[in-house]
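First comes the structure, then the notes that go with it.
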Amino acid sequence: MKNLRLMIAAVCLCALGLVSTPARAADSGKELVLWHAYRAEEKASLEKVVARFNAANASKGIKVKTLAVPYDAYADKISATVPRGKGPDIFIFAQDRLGGWIEAGNTVEPIDFYLEDEVRKRFIPSTMEAMTYRGTTYGLPLNYKVVTLIYNKKLVPTPPKSSGELVKVAKKLTDKKAGRFGLAYSYGDFYYHASLMNGFGGGVFGPGTTPTLNSAENVKSVEQVLKWVEKDGILPAEPSSALITSLFNEGKAAMVFSGPWFLGEIAKSVDYGLAPLPTLDEAGGKPMRPWMTVEGVYVSAPSKNKDAAFEVVKYLTSEEAAKMLALEGRQSPANQAVYKDAQVAGDKVLKAFRDQVEVAVPMPNVPEMSMVWSPATSAMNAILKKASTPKAAFDDAQKAVAKDVAGLRKK
Amino acid sequence: MLRSRREGMPHWPLHVVLVGFTLFTIYPILWVLTIAFSGNQSLAIATLPEAPTVMDRLRAITPWPETWSFSNFVSVMTDQPFAKWMFNSVVVALGTTVLGVFLACTAAYAFSRFKFPGQRTGLMAFLVSQMFPGTLMLIPLYIILVQWLGLGSSRLGLIIVYATTSIPFSVWMLKGYFDTIPKDLEEAALMEGASVGRIFWTIILPLAKPAVAVTALFSFMTAWNEFILAATFMDQEEMYTAPVGLRFFVGGFSQQWGYFAAGSIIVSVPVVFLFLYLQKYLVSGLTAGSVKG
Amino acid sequence: MSASDPQQTGDGREGVADRPLPESEAPPSLHSADPRKGGQAPGAPRHMRVLAGLVLALGLVLALAHGLLSRTVEDLTVQREDRRALVSLHALTDLVERAEGSGDAARAVVSAWQDQMRAGSAVRVIAFSGIKLEASTFPEDVGDKAAPRRLAREEKPIYDRGQRLRTAVETNQEEGGARKAELETELLSNGGRQVSAPVEVDGSVVGMVEMATAPQAPAPKPGLGPLLLWWLVPLAACAGASFVVRKQGLRVVASVVAFAVGLGGYAAYSLRTLEHEVRESQEVVAAQLRTMAERAATVLAEQQLPAEPALRPGHWDADEFRRPLGLVSPAGEVDAAVLAERVEEVASGVRRTFGGLAVLGLAVLLFIGMGGLARTVETVVEHRQAYLYIAPAMVGMLVLVFFPFFYGITLSFTDSNLYNSSQPLSDTWVGLRNYVEILGDFTIAKRGSDGALVFNYLNFYYTLFFTVVWTVTNVAIGVSVGLGLALILNVQGLAMRPVYRVLLILPWAMPNYITALIWKGMFHQQFGVVNHVIRMFGGQGLAWFDSPATSFLTALTTNGWLSFPFMMVVSLGALQSIPAELYEAARVDGASRWQQFTAITLPALKPALVPAVILSVVWTFNMFNIIFLVTDGEPGGSTEILVTQAYKYAFQRYRYGYAAAYSTVIFGILLLYSMVQNRLSRATEAA
């Protein structure tokens, strides 16, 4: 009997929950839905920007509603909903999935048609490049994320400008027995390695998206890492991101190559500074060029209110919005003008990323990019563990990627 | 005390083994607790000072926060509508349990008590459905549930999906258990003119309580821990379930392990209590079904 | 026909409580359910059955065939009209390209062209530079909307279409293939067609020409006459025959013959219709080509456009990738050989379709004719209570589990991938190619340059081998640890038993996402707890994720940790169900502990452990989370199991069809396993 009562209670609770399903918003006026994967202050600042847009456009009957989606489910959710016309009107996502969605079709709306030249010129040119796929623009860049040099001011008074200086400073600060390192970064992670690879003039795709993993430049770049690890011995083994955070916070890593996500993990006691990645003496003084991830704002292809949606996109990437996103959301806006603003210009962190982005390379937005990660990571591991020579490892990776690319194109 | 009176074999070696295994078992869980109560966000990795002594090493592997803080728990509960998400989870999980157990009970009863063409095939079909890997299932499921049935952004839709995914296991469990219940009782009741439905509700179900409890627990956990479908089907933030809320803390560029650990503990507590509450059934329910005669 | 079956009638209330306990000696009242049961109805209804089967089967099949035929005829008509429009469009595009794609010259070409077009047709030329409407003869583009002007906002789709064509041309050039359509055709709301083609000047796409054709007369519907003829005549013949023939078997044969005649007759009719359609199409297109070539030459001369290179009418009749079809020669003659080929193609399509229809129809015919339907209905009614109990669960499973499952299997026969996932599956059908690719690749290992054996970790058989090792070791560990702990916990009078039991169950209750990551952290080379402990005892830390063996060990530990509680609880339950008296008796008989274990404990455990092992084999085989989170296949994909590999094919390499085939193979392996298992356990039960 007791169980029966329990069950009745459960059924009632369920019924209650089911009944209280909020009624779907009535289609009065133009309600636009915006999806994003931000949280914490990034989310708060975005919502503030949206609220301001809503206030200004209340008379036109345009209202934007936001929905945060957990990052892990976000891409799948877009792929499942948008092409079936059930998704949002506008969404924010990094450029890495852009090519895939364009190829899959009916997901991202091309916006060249709307785009006046003055809007195009708003942005840091390379961020605009990230929004372009096969000659067509699909979104406006909102923020970018890029790897830069983060150093402990107590240990490194002036950040090194070149790789030679870097090694010199780092060597002094390294004491392997005590677990101290001059430099720490996830050098086995291909994303981080890209700054060296691009610095040496290498890359992953040539024209026509043919893989170029085994190019001489790529081999040279990984030889540079090997030199740092083995000959100079300035880097820790198996550098996972959790480890790097711990080392830096305990003052056991003097310098770190990492991006804005790292700043939130730095302990309050550490006085840190940011500087551009050093230039490479070994590559004739050319700068290290990290990959840049650009979060774009896209109009979804099945949206019923594309014109209004584009107005929202334009507002979100305007100077006014960028300032709020930068100062309150701690983001690096792609809008150039905002860096002339006194408050933003005075912000050392924002400034440092802005400086770094000058030499950054947008990460490829072609769908074939997702086939690169796994073979490239394997190659990096094989090289670093001395299981293979750099050339042989990259040859293998090249073969694997070429095979996958061909597999996708086969008719 | 530690000596069994009857056999004279000492119990202490057993305790040594048990304590060893228990430590092995709870050690990772203690780390989760440590991270949750540390007030920090990093996935704790023990680093050592120069020339570490044994004590230093011991400290490094002890899951005990350096400072205790509830800030992670407070942030998790207050910065987002976590309570609302927990409520959604409770509704969905209970709904799944009720629906899943009901469907599984009726089906299992038929498989156990009736003889009919297609019986073996049907039972096999239930087992076989467990074997197809679900990597490509998301989009077909989305099409059926949201496009065809129009159950997007509703708890009912989730309940239906979860209940169906939990049915195969439940049917197998319950059928095994029903098989062990002697048929004399039902026959007697039948003689007295009771209907099959009545027999099922008043005789069989109460007897099968342990197995029902186990399947209920399984159905509950299926719904309680699932994340990707819930995140895909729900289009309003207030409709998310707790696991969806949890995943906000990890993934993407920055991971807030402290929040995630604290959230995990909040989410696990009901399940742990359910386990404790159902323990006595758990042991008999899982097995008695298969121990025939 | 079910009404014609006497067994159905009146089978009502008596069976409401029908045989819930079939094996037992139920009360006699239950058995008296249906007095008529078993009494086979003689002659007349059975012969009606055959006729009814024929009526239905032939009717169904012919209706389907008719539907398909009208669809095909309509498709052919549309195709023909599209080709005609395209020939005209290509000719115009050629001229526009000679006029550099923009400016007054282009406008002059368009207006000269418009003069000769059928009423209701219209043309527009778009230039990408400046997003401009260069020329237009559309009725709405007059007055202040007359060309040239910038496109208005609501005309964005036109511009986007142009960009799509440009991208397609560039992509195909870059990849050296034909992946994206370089021409688009669209059905307009007024029933006309719209065709669009890119304008290429000096090797780059600078604009687009579009042509809207006037609404066409609907395609002629194939008449109902032949349909009725080929339905009723065989029917009448069969009906007549069945009155003459007395034997049921012969009646069935007669109905099959009648069915074949009916379907065959209609097939012949379809074939004729389609062949006629195809041949006529070529004539029409050829005529169009001749006219267009003439016109183009006239306009060329009138407008004084560059005549070099010469016009190439042979390229005007082209497919969507602008490759010439070759059905009509540049001079406007129909190529008989190619045409014959095309006709043969159509004919073989018809034969395949009708073959499929014949199988379907025969199945229906025999099912009804031989009494299968009657028996099925009878079974369902007889066991309706059982089916009623199962139905709700079954419906849910059918909709939400089996449908996606069959979708997955269908997908596995296609080359569906990121690029073509919006096309219908029939367009990407590749048959068994994916399976051949997966199962036919035996390069498991090769000799490296130094003579050492190098495994190909992407090979299916390597992954299968690893998955089997993974499953076997995991289940073995789970069972032995679980059983061992259960045996200890089952010792009578052990102190603190409940505490141990609760603590040992905990891994089961925590979300495994976080515990898996904690375990991964514990295996960190320099700072992980495991290596700290090794160093505490003076050893050297290991780089756990560097070699396949140690990497495997980390995943094994994690999964062992997660899975032993289940086995422990199962064993504990079984142990507790063994009556203590058995052991007492054994002790009295002087059995040793080991003897007690093998003679009493193990046999008692078997029925509980076997299903648990079967289930956990299936679960471990598909244990995605642990591998994905702990080793992620490192190093180099050597610790990938089949499901994670399938996942990577779908979401890293975007080959959905291939991944589906992979999943189906996994399913096949597990199915085989469960069937063998089933056999074995039944064999042992019987023994």
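The values are calculated or read from the model by the stated rules, or taken from the named source; none is laboratory data. The model shown is predicted, which means the values in this text are computed figures rather than measured ones. For neighbour counting, all protein chains shown are included, and Cβ atoms are generated from backbone atoms with ideal geometry for every residue, glycine included. Just so you know, the surface numbers come from the protein's heavy atoms only, side chains and all, with ligands and any DNA or RNA stripped out. Shrake-Rupley method; radii C 1.70, N 1.55, O 1.52, S 1.80 Å.
From (1) within 11 Å of chain C (Cβ to nearest Cβ); (2) open to solvent by 30 Å² or more (accessible area, probe 1.4 Å); (3) not basic (K, R), pick out the condition that doesn't hold for B:G150.
Going through (1) within 11 Å of chain C (Cβ to nearest Cβ); (2) open to solvent by 30 Å² or more (accessible area, probe 1.4 Å); (3) not basic (K, R) one by one, B:G150 breaks only (1).
Mind listing whichever residues of region B:218-259 are under 24 Å from A:T245 (Cα atoms), open to solvent by less than 10 Å² (accessible area, probe 1.4 Å) and either in contact (Cβ under 8 Å) with a residue 24 or more places away in the chain or aromatic (F, W, Y) (or both)?
Of everything in region B:218-259, those that are under 24 Å from A:T245 (Cα atoms), open to solvent by less than 10 Å² (accessible area, probe 1.4 Å) and either in contact (Cβ under 8 Å) with a residue 24 or more places away in the chain or aromatic (F, W, Y) (or both) turn out to be B:F249, B:G258.
Please count how many residues of region A:240-281 are crowded, with 19+ Cβ neighbours inside 10 Å and part of a loop (DSSP other than H, G, I, E, B).
The qualifying residues number 7.
Among C:T443, C:T473, which is the only one that is among the hydroxyl-bearing types (S, T, Y), surrounded by fewer than 16 Cβ atoms within 10 Å (Cβ to Cβ) and more than 14 Å from chain B (Cβ to nearest Cβ)?
Being among the hydroxyl-bearing types (S, T, Y), surrounded by fewer than 16 Cβ atoms within 10 Å (Cβ to Cβ) and more than 14 Å from chain B (Cβ to nearest Cβ) holds for just one of C:T443, C:T473, which is C:T443.
List every residue pair whose Cβ atoms lie under 8 Å apart, where the two residues are 6 or more positions apart in sequence or sit on different chains, the first residue falls within region C:578-606 and is surrounded by 13 or more Cβ atoms within 10 Å (Cβ to Cβ), and the second residue, located anywhere, is polar (S, T, N, Q).
C:I578/C:T601; C:Y583/C:Q596; C:A586/C:Q595; C:A586/C:Q596; C:R587/C:Q596; C:A604/C:S577; C:L605/C:S571
Just to be sure, is B:G251 facing chain A (nearest Cβ under 9 Å) and modelled with pLDDT under 85?
So B:G251 passes the test.
Checking A:G285 against (1) open to solvent by less than 10 Å² (accessible area, probe 1.4 Å); (2) at pLDDT below 95; (3) not hydroxyl-bearing (S, T, Y), which test does it fail?
(1)
Across region A:208-239, which residue is nearest to the other protein chains (Cβ to nearest Cβ) among those that are more than 29 Å from A:K172 (Cβ to Cβ) and open to solvent by less than 40 Å² (accessible area, probe 1.4 Å)?
A:G208
For region C:622-650, name all the residues that are in a helix (DSSP H, G or I) and under 20 Å from C:F406 (Cα atoms).
C:L642, C:V643, C:A646, C:Y647, C:Y649, C:A650
Cβ-Cβ distance below 6 Å, separation of 6 or more or different chains: which pairs start in region C:474-489 with a residue that is under 19 Å from C:Y500 (Cβ atoms) and end on one that is of a type in the set (S, T, N, Q)?
C:G478/C:S563; C:G482/C:S571; C:L483/C:S571; C:A486/C:S571
Which helices (runs of 4 or more DSSP H) does region A:47-157 wholly contain that include 1 or more residues that are more than 24 Å from A:W291 (Cβ to Cβ)? Spell out how you get there, then give the answer.
On the way: elements: A:71-81, A:98-104, A:117-120, A:125-130.
It comes to A:71-81, A:117-120.
Only one of these conditions is not met by C:I409: (1) touching a helix residue (DSSP H, G or I) at 6+ places or on another chain (Cβ under 6 Å); (2) free of Cβ contacts under 8 Å to residues at least 40 places away in the same chain; (3) within 12 Å of chain B (Cβ to nearest Cβ); (4) hydrophobic (A, V, I, L, M, F, W, C). Which number is it?
Exception for C:I409: condition (2).
Might you check whether a residue that is under 18 Å from the mean Cα position of the chain (by Cα) and at pLDDT 90 or above occurs anywhere in region A:164-172?
No, there is no match, as no residue in region A:164-172 is under 18 Å from the mean Cα position of the chain (by Cα) and at pLDDT 90 or above.
List the helices (runs of 4 or more DSSP H) that sit entirely inside region A:311-411 and contain at least 1 residues that are within 14 Å of chain C (Cβ to nearest Cβ) and touching a helix residue (DSSP H, G or I) at 6+ places or on another chain (Cβ under 6 Å).
A:373-384, A:390-409
Determine, yes or no, whether C:Y658 is within 12 Å of chain A (Cβ to nearest Cβ), among the aromatic types (F, W, Y), open to solvent by 30 Å² or more (accessible area, probe 1.4 Å) and under 25 Å from the mean Cα position of the chain (by Cα).
Numbers: within 12 Å of chain A (Cβ to nearest Cβ): yes; among the aromatic types (F, W, Y): yes; open to solvent by 30 Å² or more (accessible area, probe 1.4 Å): no; under 25 Å from the mean Cα position of the chain (by Cα): yes.
For C:Y658, the condition - within 12 Å of chain A (Cβ to nearest Cβ), among the aromatic types (F, W, Y), open to solvent by 30 Å² or more (accessible area, probe 1.4 Å) and under 25 Å from the mean Cα position of the chain (by Cα) - is not met.
Quickly run through region A:158-192 and pick out the residues that are in a loop (DSSP other than H, G, I, E, B) and hydroxyl-bearing (S, T, Y).
Here is the first cut: in region A:158-192, the ones in a loop (DSSP other than H, G, I, E, B) are A:158-161, A:174, A:179, A:185-189.
Correct list: A:T158, A:T174, A:Y185, A:S186, A:Y187.
Working carefully through the options B:L103, B:L58, B:L141, B:L123, find the one that is surrounded by fewer than 16 Cβ atoms within 10 Å (Cβ to Cβ), part of a helix (DSSP H, G or I) and not acidic (D, E). Let's see the steps before the verdict.
Numbers: B:L103 fails: surrounded by fewer than 16 Cβ atoms within 10 Å (Cβ to Cβ); B:L141 fails: surrounded by fewer than 16 Cβ atoms within 10 Å (Cβ to Cβ); B:L123 fails: surrounded by fewer than 16 Cβ atoms within 10 Å (Cβ to Cβ).
B:L58 is the lone residue from the list that is surrounded by fewer than 16 Cβ atoms within 10 Å (Cβ to Cβ), part of a helix (DSSP H, G or I) and not acidic (D, E).
Take region C:543-575 and flag every residue that is in contact (Cβ under 8 Å) with a residue 40 or more places away in the chain, within 19 Å of C:V613 (Cα to Cα) and among the polar types (S, T, N, Q).
C:T558, C:N559, C:S563, C:S571
Just wondering, is there one or more residues in region C:660-678 that are on the phi < 0 side of the Ramachandran plot and not in a helix (DSSP H, G or I)?
No, region C:660-678 has no match at all.
Which residue is most open to solvent (accessible area, probe 1.4 Å), if the candidates are limited to region B:260-293 and must be at pLDDT 85 or above and more than 7 Å from chain C (Cβ to nearest Cβ)?
Restricting to residues being at pLDDT 85 or above and more than 7 Å from chain C (Cβ to nearest Cβ), the top hit is B:F273.
Considering only helices (runs of 4 or more DSSP H) fully contained in region C:488-583, which possess at least 1 residues that are closer than 20 Å to C:V630 by Cα and more than 44 Å from the chain's Cα centre (by Cα)?
Correct list: C:529-536.
If you take the residues in region C:485-512 that are more than 8 Å from every other protein chain (Cβ to nearest Cβ) and open to solvent by less than 40 Å² (accessible area, probe 1.4 Å), which one is nearest to C:Q576 (Cα to Cα)?
C:N490
Please tell me if B:M131 is under 30 Å from B:G39 (Cβ atoms), surrounded by fewer than 24 Cβ atoms within 10 Å (Cβ to Cβ) and in contact with a helix residue (DSSP H, G or I) (Cβ under 9 Å, 6 or more places away or on another chain).
Values: under 30 Å from B:G39 (Cβ atoms): no; surrounded by fewer than 24 Cβ atoms within 10 Å (Cβ to Cβ): yes; in contact with a helix residue (DSSP H, G or I) (Cβ under 9 Å, 6 or more places away or on another chain): yes.
No.
When you look at B:M137, is it under 24 Å from the mean Cα position of the chain (by Cα), closer than 21 Å to B:W224 by Cα and within 7 Å of chain C (Cβ to nearest Cβ), yes or no?
yes
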